[in-house]
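Colleague: What follows is a single structure, and I will ask about it in a moment.
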Amino acid sequence: MNYRHFNIQICPLTPVHIGNGHSITSIGEYVSSKNSIRIINQEKLNKLLNSKGLYDDYLKHILSEQQNANIWNYFVEQGIENDIAYDNEYRFNAPDDHNPENNSLLELHIKTAGKKYLPGSTIKGTVRNSIFAYCISEDYKLKEKLENIINSANSLWKIKERINDIEKRLLDSLFKNIRPEDTGSIDEENTIVEVSGRQHLFGTNTEGLGTLKECIAENTEINTVLTIKHDEEKLPAQYLSFFSDDNTIGLFNAINNVTLKYIEFEISLLKESTDGIAKVLLEFLYNMQTEIKRLKNNECVLRMGKGKTYFFQTILPFLSHQSMDKVLNLMVKDDEKRRNFPQTRVLTGKNRFFGWIKITTKEKEAPAVSEITDNIVEKPDLTKTVLTAYIIDDHNVYLKYNGELYEKVQLINKYLNFEKNREIKVLLWQMTKKGRINQVKIID
């Protein structure tokens with residue numbers, strides 16, 4: 001059983017929102033303009049209102065005019081707008097027709113210790129869903145088994161229960177565990193607030209209650225570690241290509257194949273719409289298809305967080321039309337709504353998708369020569385002297401010995417789970433007559 005640790009970088013391609021950091025309202029908790037959202041410091045606001053004798057009047061204002069309680073205008077009328085203190089100010093990517101005086105709920109991104117991050121559990125769920133879909137596309141027996149469950153059942157709940165059980169047993173035995181760590185905290189400068197609304201693409205759009213979402217901005221670089229544990233002796237032969245001892249190529253190729261299938265399916269749905277917004281979304285998806293096909297082996301693209309449509313969260317695009325129709329008939333009773341299901345998409349105020357991300361496996365950077373540990377050894381003792389070395393590949397390391405840099409030294413035992421430039425401990429194993437190092441051995 002092997003554990004592999006990969007340094008990965010997650011980069012949003014469109015705004016990403018992960019709930020639930022809870023929400024705040026524009027009725028006294030934040031103020032907005034066309035290009036910024038400012039979160040009011042409530043403690044300092046209360047002190048200010050009390051010092052001005054305005055506290056009771058302020059409460060009366062927000063309680064009696066909740067439907068249109070313009071807090072900023074109230075501050076201006078009382079002459080205290082320049083005295084308001086704020087906890088944070090975020091960029092606001094508001095559409096041209098957005099009225100900053102409208103009362104809106106601002107849904108906050110999930111936080112730990114007051115800082116935004118991407119939970120490892122969210123990353124894990126996203127990757128697992130993609131891999132289950134890939135297993136179905138590659139294993140006709142698995143696909144047949146799932147379709148038999150769907151076609152023989154008359155309860156949507158029963159179908160979900162049985163398929164979830166199969167998914168759990170398959171992936172638990174396939175991976176044993178996929179464990180992405182929680183990412184590091186995300187700086188406030190990489191935060192953006194987006195208007196979020198549900199757009200109807202197959203009929204008359206109805207006015208709904210839009211919300212604002214605190215998002216991680218696109219092109220933000222977010223680092224974490226992905227650990228994969230698997231048991232080669234128990235790994236089914238058809239899934240061996242998922243894993244390598246030294247890279248994520250098989251895993252990422254599988255994810256990209258699944259994402260391309262989802263995109264292809266979404267394109268087929270959106271092409272049935274005559275709405276202008278659908279054409280904008282189609283252009284994005286066509287471009288995404290091209291970009292994914294150009295990705296390097298250490299890169300993959302998928303969707304995460306709020307805003308995914310129904311099919312991006314299911315395995316239905318990988319099953320037969322008969323099975324898909326069976327599920328939709330159980331789920332959507334109305335024939336008209338089922339015809340172009342789902343008829344709506346959750347988009348930003350500027351009609352963009354939420355939640356597209358790119359994951360890249362990052363090599364550990366080589367230390368500068370001055371930072372390489374110098375192994376000072378007066379009396380070398382073969383098979384006993386311990387040295388600090390750095391991985392090149394599964395057969396070689398580099399190290400510094402008594403001030404001299406050895407750029408390539410042979411390992412006598414293969415380093416199975418290497419990460420390039422990782423610092424490791426080795427035993428001095430073989431030297432020339434002139435005292436130069438020929439071979440070292442990894443300490444077990």
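What follows is calculated from the coordinates using simple rules that are stated; it is not laboratory data. All figures in this text were calculated on a predicted structure; none of them were measured in a lab. Neighbour counts are summed over all protein chains in view; Cβ atoms, including those assigned to glycine, are modelled from backbone coordinates with ideal geometry.
Colleague: For T227, which sequence-distant residues (separation of 5 or more, or a different chain) have an amide H within less than 5 Å of its own amide H, given hydrogens modelled in the peptide plane?
Modeller: F6, R179, E181
Colleague: What does the extension gain come out to for N164 and S51, with contour length at 0.36 nm per residue minus their alpha carbon separation?
Modeller: So the extension gain works out to 34.8 nm.
Colleague: Which of K143/K358; K34/K124; K145/K168; K308/K333 have a Cα-Cα distance over 26 Å?
Modeller: K143/K358; K34/K124
Colleague: Find the centroid of the Cα atoms in segment 105-127 and in segment 327-351, then give the distance between the two in whole Å.
Modeller: When both Cα centres are located, 27 Å separates them.
Colleague: Which FRET efficiency, nearest 0.05, do W157 and T274 yield, Cβ-Cβ r, R0 35 Å?
Modeller: It comes to 0.45.
Colleague: Which order results if V16, V258 are arranged by neighbouring Cβ count within 10 Å, fewest first?
Modeller: V258, V16
Colleague: What relative contact order, as a whole-number percentage, does segment 369-442 give when Cα pairs under 8 Å and 6 or more residues apart are counted?
Modeller: Dividing the mean separation by the residue count of segment 369-442 yields 31 percent.
Colleague: For a footprinting-style exposure proxy, rank C11, C135 by other Cβ within 10 Å, fewest first.
Modeller: Ascending Cβ contact count within 10 Å gives the list C11, C135.
Colleague: For segment 23-107, calculate the relative contact order in percent as a whole number, restricting contacts to Cα pairs under 8 Å that are 6 or more residues apart.
Modeller: Answer for segment 23-107 is 51 percent.
Colleague: Sticking with this structure for a sec: What length, rounded to one decimal in nm, is gained on full extension from H22 through to Q313, with 0.36 nm per residue of separation minus their alpha-carbon distance?
Modeller: Length gained, H22 through Q313: 102.5 nm.
Colleague: Then there is this: What's the magnitude of the charge dipole for segment 23-107 around its Cα centre, counting Lys and Arg as +1 and Asp and Glu as -1 at the beta-carbon? Answer in Debye, nearest 20.
Modeller: Dipole magnitude for segment 23-107 comes out near 180 debye.
Colleague: Using the per-residue mean of other Cβ atoms lying within 10 Å as a proxy for protection, in what order, highest first, do the peptides 367-376, 45-54, 393-402 fall?
Modeller: Ranking the peptides 367-376, 45-54, 393-402 by packing returns 393-402, 45-54, 367-376.
Colleague: Now a separate question. Cα-based Rg (one decimal) and Dmax (whole number) for segment 23-107, in Å?
Modeller: When restricted to Cα atoms, segment 23-107 yields Rg and Dmax of 12.6, 38 Å.
Colleague: Tally Lys/Arg at +1 and Asp/Glu at -1 over every other residue whose Cβ is under 10 Å from the Cβ of G355; what's the total?
Modeller: Within the 10 Å Cβ shell, the charges total +3.
Colleague: Treating cross-link reach as a plain straight distance, find the aspartates and glutamates whose alpha-carbon is under 13 Å from the alpha-carbon of K111, omitting any fewer than eight places away in the same chain.
Modeller: In chain and number order, the partners are D182, D187, E188, E214.
Colleague: I need the semi-axes of the equivalent ellipsoid of segment 369-442: take the C-alpha gyration tensor, multiply each eigenvalue by 5, square-root it, list largest first in whole angstrom.
Modeller: They are 18, 14, 10 Å, listed from largest to smallest.
Colleague: Please give every one of the lysines within straight-line cross-link reach of K400, meaning a C-alpha to C-alpha distance under 22 Å, and leave out same-chain neighbours fewer than 8 residues apart.
Modeller: Output for K400: K364, K379, K384, K408, K414, K420, K425, K433, K434, K441.
Colleague: Under a straight-distance cross-link criterion of Cα-Cα below 15 Å, which aspartates and glutamates are reachable from K337, leaving out those fewer than 8 residues away in the same chain?
Modeller: In chain and number order, the partners are E272, D325.
Colleague: Express the relative contact order of the chain as a whole percentage, based on alpha carbon pairs under 8 Å and six or more residues apart in sequence.
Modeller: Relative CO of the chain lands at 21 percent.
Colleague: Right, something else. Just checking my list (1) 192; (2) 271; (3) 146 against volume of the Cα convex hull per residue in Å³ computed from this structure; which label fits?
Modeller: Matching entry in (1) 192; (2) 271; (3) 146: (1).
Colleague: I need K433, K158 ordered by Cβ neighbour count within 10 Å, fewest first.
Modeller: Arranged by neighbour count, lowest to highest, K433, K158 become K433, K158.
Colleague: Can you compute the helix-only [θ] at 222 nm over the chain? Use -39500 (n - 2.57) per DSSP H run of at least 4 residues, normalise by all residues, nearest 500 deg cm²/dmol.
Modeller: Estimated from H runs of four or more residues: -10000 deg cm²/dmol.
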